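Quick notes on the structure that follows.
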């Protein structure tokens, strides 16, 4: 299930016992700060979630699957997320839940 900004603000408002509009302002401010800091090249530590940073992918050679011709794939910037120990634990528990049903 995808949690959108509205749903996230509802959950934050409930947890903090504040108006949803205030929670929405917190989300907007957090997004603005994260984007600004990433633009400046800074790494963002999000506590229990992990770290976000911009990573440069080098130019490389790929193969077009339709024509089988080699082609240059230009360099690009991507977002790298380094998982925290708490996030890894959550992911492992989720994996165990999914695999236990099969």
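The values are calculated or read from the model by the stated rules, or taken from the named source; none is laboratory data. The structure displayed is predicted, hence computed values, not measured ones. Note that each Cβ is placed from the backbone with ideal geometry, even for glycine, and that neighbours are counted across all protein chains shown.
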Open item on the list: Any residue that is more than 20 Å from the chain's Cα centre (by Cα) and not assigned by TED's automatic domain parsing to the domain that holds residue 91 - is there at least one of those in the stretch 22-29?
Closed with: yes
Task: Condition met for residue 17 (in the same structural domain as residue 4 (by TED's automatic domain parsing) and either within 16 Å of the chain's Cα centre (by Cα) or exposed (fewer than 10 other Cβ atoms within 10 Å of the Cβ) (or both)) - done: yes
Open item on the list: Checking the conditions here, which among 95, 79 is under 21 Å from the mean Cα position of the chain (by Cα), in a helix (DSSP H, G or I) and free of Cβ contacts under 8 Å to residues at least 60 places away in the same chain?
Closed with: 95
Task: Enumerated strands (runs of 3 or more DSSP E) restricted to the stretch 24-76, each holding at least 2 residues that are free of Cβ contacts under 8 Å to residues at least 12 places away in the same chain - done: 60-63, 70-73
